[in-house]
Number of protein chains: 2
Amino acid sequence: MNSRAREKLTIFDTTLRDGAQTMGVAFSVEDKIRIARSLDDLGVEYIEGGWPGSNPKDIAFFKEMQRHPLASAYLTAFSSTRMKNRAVDDDANIRTLCETGVPAVAIFGKSWDLHVREALETTAEENLAMISTTIAYLRTRFEKVIFDAEHFFDGFKADEAYALESIRAAAEAGADWIALCDTNGGALPGDVARAVEAALSAVAVPIGIHAHNDGELAVANSMAAVEAGATMVHGTINGLGERCGNANLCSLLPNLEYKSGYRTLADGKLKKLTYISHLVSEATNRSQPEWLPYVGRNAFAHKGGIHVSAVRKNSSCYEHISPELVGNSRTFTVSELSGKSNVLEKAREMGIDLSGDPGRAAGILKEVKAMEARGYHFEGAEASFELLSARLLGTLKEYFTLHGFRVLTWADGDGKSWSEATIKAAVPEEVSISGGHADSVEHTSADGSGPVEALDRALRKVLEKFYPNLSTVKLSDYKVRILNEEAGTNATTRVMISSTDGKDHWTTVGVSDNIMDASWHALCDSLIYKMKKDDDALITKKEVAYAAQD
Amino acid sequence: MNSRAREKLTIFDTTLRDGAQTMGVAFSVEDKIRIARSLDDLGVEYIEGGWPGSNPKDIAFFKEMQRHPLASAYLTAFSSTRMKNRAVDDDANIRTLCETGVPAVAIFGKSWDLHVREALETTAEENLAMISTTIAYLRTRFEKVIFDAEHFFDGFKADEAYALESIRAAAEAGADWIALCDTNGGALPGDVARAVEAALSAVAVPIGIHAHNDGELAVANSMAAVEAGATMVHGTINGLGERCGNANLCSLLPNLEYKSGYRTLADGKLKKLTYISHLVSEATNRSQPEWLPYVGRNAFAHKGGIHVSAVRKNSSCYEHISPELVGNSRTFTVSELSGKSNVLEKAREMGIDLSGDPGRAAGILKEVKAMEARGYHFEGAEASFELLSARLLGTLKEYFTLHGFRVLTWADGDGKSWSEATIKAAVPEEVSISGGHADSVEHTSADGSGPVEALDRALRKVLEKFYPNLSTVKLSDYKVRILNEEAGTNATTRVMISSTDGKDHWTTVGVSDNIMDASWHALCDSLIYKMKKDDDALITKKEVAYAAQD
């Protein structure tokens, strides 16, 4: 613990901006909205959403976010200072920025004389003017203006006085925060600490740290900056970011909170870190790196026999913190007892209390393990897990029975393609709620611009006359991952489908060595989940009405 | 640079022992021998090869190594101190150790009173006796004895005096080195520095640091220990290791050498780091993590247009060191954030010089941007980018013309599914190299466990008789992403396919609103890339032969 114990730090997340620079990562607008909401719920103060001047997708995101206002975080847009030798209001980037409707902006400018000369090709004076006029202009148009001092640490080494002048220009023009950036990611903790101290002496504005990981020191450098007096930390979920990534908030926040004694997020919120780490991994369509500190699947996994027996005696023997503090859990690779508490925990989240029925929890666990061995993955597909549990507990109605389906795709030589699906299924009499053709075998076809759309339409044609609520369900995302990569096209395929009825969002999973079959399973679960959800709500409503009559 | 500039540090590699504890990693004896030789060639002083007392594979490795003596490194075996209340020569572990024939041993013992009480269930005195009798016994039997003070930093926090007593026992018994272990990986750099200083005051034996990464601080903690006076560093290649891994030598050594000014390996040897990082990744049967500092594929990859244009002016603008220093190289990728400079750089990498023809570069960029707006994504799909450029430059042969395809998938009610594809395509006469049915229209079908496999098989049936080289191509990965820009049913699908012919690896991309059509495009590009690659090699060979005739 330090002399500033319990001091609150301000958390600035840039997963959606700097994290989107990760090689091979391309978030959809839908992904970005989902992540932004989760970060808002996590309680970070700033969510940097993109650089509207650099690409149309970020403009679309900010536009869409006007319809989904955040509960507490400042949605932040990123941009550079104005171009050289130009008026601020004559700069297209700045104009685009002002149209985003966000409350906060982060503006990067040059603090390293080398960059001023060689990258910008301008004078030291013009660079300072670019900083101060841009900040002054934006100060009156946004609630919060953050100045990102690009290459501050390299600049401080090369020309200490000029680096400090650059942040003084931003401070005097009215910046609310100055974030010192280790843009090339090569700084050492000692250098960072000295430069932060110098910056704090030079300006009266609070200081932030924005570290990259090129020396595998982004977390350490961020902590050194905080120890030296910085009060804002920038980072990304899972350390996403260009080249070697940015400071990983999933490691940095628990370090600062549980080890150095600062306050980072509101009480209890760090427990959501493991969840949000998986969420972001899924959005990048990659598995979460298992080794990730605190939140990774292996972070509290015990392999060696000595470790396992010692951890059983006292978990602090081989665990640096309790995994529950970050929403993770301990696993023993040699023991099947490990996961049962997870099942109990998940069931509890879903409103099913299995704690008095360990046999049932064990039964569910066994089935989950068998399905996971086949490639299922229920983290991030809670709707399928809920249906699986209900099926195993015998509480899931049978909404329909598949007799078979067929999906056909054609393409001609001119680049035109189309698909058609045919489904044969039976809807049992007792679940018909609209009084239609109950217990009848339905056999119908539909087309689509692709095979999954065709399947979806054909299945709805079968079901919607019995379950009209299904018309509100929209598929909002569809993701495919190949599991045993070395098997090529003959590999196991996992499909995850996200759906919404305008009120709730849910995700389902299907696994098969045939992508169409995997899609079918995820699709069915999506619609069954909706039917079950509405049935459950109806029961609750009836119970409430019944209770009110008493 | 520090006051001990150019001081030589001793490097202790534990990839084959602690690294082998990584979840999911199992080195074969052959892998271990290969890695040990590479580490020996790299010039590390100690190579810890395993724990002979814990498993027969490690015994086999040490036996096999007697036939492959290392050139300079000490091959080191790992074990614990003797069991409690037993004579050293009555301990099976110790006897096994003495049969390995290695010159050095690393012996771990307890420095944390909690572990002595709760894990060992013995007295403080007996633990000290276990340390000193074991070290004294082995001292006369091995050239070098290292004492691994397990949990030293946790022990130092809990009971400073006892932790120091434990290492004093090892020092007085004749240990050559004392390595202070952060076994749970949760220490902070400041705590490490203070404990190292105390250890150095307590014993006259040189001190090493063995750090784990549970706080994402293993590299920083190792550097803090060195700054405090430790002269040996333990670590693994790529940071392999139990839970979150060990200190990553691929980051730690260049940091210590190029940034802090110590000497780590002999001159020029750090250039082998990128190679050895890939070698170890292959032995673990996983792709090398692309983000790895210094040695990863993305460590010097530039994505944004601003970064690329600045790096072209002066590489230190966005690179913390020169990639050649660690045997890595700079790459430029082509993406929606890129500008013309990326295209020029990328083309240059492919051997196409567009710098004298800015119009063509602009033309390619325009097409790239238009295709990216439709959902293409060339970053990570360089093969498709190369084919696109060749198409736009008019240098790509037409290998075949598609007349049309059809893919059919059936599923029955019992969970069985299967797929069939039919293709009609023409192969023009002039590209037939095997003298087969040139210019003929081929019309053929194939089945598969899924629709993409069926398509792949049918396409090969058409092409392989004309292009027999295609039989060596295997699809190694298949990824699907839905780009949900315009929400709803009309989603765009992006498919990426990775392929290999056993020699090269390449990735291609296809985009369509129909997943089958998108798969088709990626599949075609994959095979066309192979045909073009072999043609290009043939041309080069002919040119070489022709030049030789002159």
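The values are calculated or read from the model by the stated rules, or taken from the named source; none is laboratory data. Given the structure is predicted, the values throughout are model-derived calculations rather than measurements. Cβ sites come from the backbone with ideal geometry, for glycine too, and all protein chains shown count toward neighbours. Note: accessible area is taken over every heavy atom of the protein model, side chains too, but ligands, DNA and RNA are not part of it. Shrake-Rupley method; radii C 1.70, N 1.55, O 1.52, S 1.80 Å.
Exactly one condition in (1) in contact with a strand residue (DSSP E or B) (Cβ under 8 Å, 6 or more places away or on another chain); (2) more than 14 Å from chain B (Cβ to nearest Cβ); (3) at pLDDT below 95 is false for A:PRO52; which is it?
For A:PRO52, the failing item is (2).
Pick from A:GLY268, A:GLY239: which is away from every other protein chain (no Cβ under 11 Å) and either modelled with pLDDT under 95 or closer than 26 Å to A:HIS377 by Cα (or both)?
On the way: A:GLY239 fails: away from every other protein chain (no Cβ under 11 Å).
Step by step, each of A:GLY268, A:GLY239 is checked, and only A:GLY268 is away from every other protein chain (no Cβ under 11 Å) and either modelled with pLDDT under 95 or closer than 26 Å to A:HIS377 by Cα (or both).
Yes/no matrix, rows are residues, columns are (1) over 29 Å from B:ALA173 (Cβ atoms); (2) touching a strand residue (DSSP E or B) at 6+ places or on another chain (Cβ under 8 Å):
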position	(1), (2)
B:ALA199	no, yes
B:PRO206	no, yes
B:ALA220	yes, no
B:VAL226	no, yes
B:THR231	no, yes
B:LEU256	yes, yes
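For residues that are open to solvent by 60 Å² or more (accessible area, probe 1.4 Å) and among the charged types (D, E, K, R), scanning just segment A:70-87, find the one that is farthest from the chain's Cα centre (by Cα).
A:ARG86
Kindly list the number of the only condition in (1) part of a loop (DSSP other than H, G, I, E, B); (2) of a type outside the set (Gly, Ala, Ser); (3) touching a Leu at 6+ places or on another chain (Cβ under 9 Å) that fails for A:ARG6.
Result: A:ARG6 fails condition (3) only.
Of the residues in segment B:174-220, how many are away from chain A (no Cβ under 14 Å) and of a type in the set (Asp, Glu)?
Narrowing segment B:174-220 to residues away from chain A (no Cβ under 14 Å): B:174-180, B:195-210.
Then keep just the ones that are of a type in the set (Asp, Glu); that gives B:176, B:197.
Total meeting the criteria: 2.
As an exercise: evaluate B:HIS403 against (1) modelled with pLDDT of 90 or more; (2) farther than 17 Å from B:ILE528 by Cα; (3) part of a strand (DSSP E or B); (4) within 9 Å of another protein chain (Cβ to nearest Cβ) and give the number of the one condition it does not meet.
Of (1) modelled with pLDDT of 90 or more; (2) farther than 17 Å from B:ILE528 by Cα; (3) part of a strand (DSSP E or B); (4) within 9 Å of another protein chain (Cβ to nearest Cβ), only one is false for B:HIS403: (2).
Does any residue of segment B:177-187 turn out to be closer than 22 Å to B:GLY239 by Cα, of a type in the set (Asp, Glu) and under 37 Å from the mean Cα position of the chain (by Cα)?
Within segment B:177-187, one or more residues are closer than 22 Å to B:GLY239 by Cα, of a type in the set (Asp, Glu) and under 37 Å from the mean Cα position of the chain (by Cα).
Only one of (1) among the hydrophobic types (A, V, I, L, M, F, W, C); (2) crowded, with 24+ Cβ neighbours inside 10 Å; (3) over 16 Å from the mean Cα position of the chain (by Cα) is not met by B:MET232, so which one is it?
(2) is the only condition that B:MET232 fails.
Limited to segment A:406-416, what total is found for residues that are surrounded by fewer than 24 Cβ atoms within 10 Å (Cβ to Cβ) and either more than 7 Å from every other protein chain (Cβ to nearest Cβ) or polar (S, T, N, Q) (or both)?
3
Being at the interface with chain A (Cβ under 9 Å from one of its Cβ atoms) and farther than 12 Å from B:ALA211 by Cα is the filter here, so list the residues in segment B:242-257 that pass it.
B:ARG243, B:CYS250, B:SER251, B:PRO254, B:ASN255
What number of residues within segment B:304-334 satisfy the criterion of being at pLDDT 85 or above and among the charged types (D, E, K, R)?
2
Restricting attention to segment A:15-45, and to residues there that are of a type in the set (Ser, Thr, Tyr) and within 14 Å of chain B (Cβ to nearest Cβ), which single residue is nearest to A:CYS244 (Cα to Cα)?
First, the residues of segment A:15-45 that are of a type in the set (Ser, Thr, Tyr): A:15, A:22, A:28, A:38.
Add one more test, that the residue is within 14 Å of chain B (Cβ to nearest Cβ), and what stays is A:22, A:28.
Values: A:THR22: 8, A:SER28: 22 Å.
Restricting to residues being of a type in the set (Ser, Thr, Tyr) and within 14 Å of chain B (Cβ to nearest Cβ), the top hit is A:THR22.
Quick one: in segment B:288-303, which of the residues that are within 25 Å of B:MET371 (Cβ to Cβ) and open to solvent by 10 Å² or more (accessible area, probe 1.4 Å) is modelled with the highest pLDDT?
Our first condition is that a residue be within 25 Å of B:MET371 (Cβ to Cβ); within segment B:288-303, this holds for B:290, B:297-298, B:301-303.
After this cut, where a residue has to be open to solvent by 10 Å² or more (accessible area, probe 1.4 Å) as well, the list is B:290, B:297-298.
Working: B:GLU290: 87, B:ARG297: 85, B:ASN298: 90.
The residue in question is B:ASN298.
Please verify whether segment B:471-493 includes one or more residues that are modelled with pLDDT of 90 or more, more than 22 Å from A:ARG481 (Cα to Cα), in contact with a helix residue (DSSP H, G or I) (Cβ under 6 Å, 6 or more places away or on another chain) and in a helix (DSSP H, G or I). Explain how you work it out, then say what you get.
Residues of segment B:471-493 modelled with pLDDT of 90 or more: B:471-473.
So of that shortlist, the ones also more than 22 Å from A:ARG481 (Cα to Cα) come out as B:471-472.
Imposing the further condition that a residue be in contact with a helix residue (DSSP H, G or I) (Cβ under 6 Å, 6 or more places away or on another chain) reduces the set to none.
No; the residues of segment B:471-493 include none that is modelled with pLDDT of 90 or more, more than 22 Å from A:ARG481 (Cα to Cα), in contact with a helix residue (DSSP H, G or I) (Cβ under 6 Å, 6 or more places away or on another chain) and in a helix (DSSP H, G or I).
Taking the condition modelled with pLDDT under 90 and open to solvent by 10 Å² or more (accessible area, probe 1.4 Å), does B:SER434 pass? Before the answer, list the steps.
Numbers: modelled with pLDDT under 90: yes; open to solvent by 10 Å² or more (accessible area, probe 1.4 Å): yes.
Yes: the conditions hold for B:SER434.
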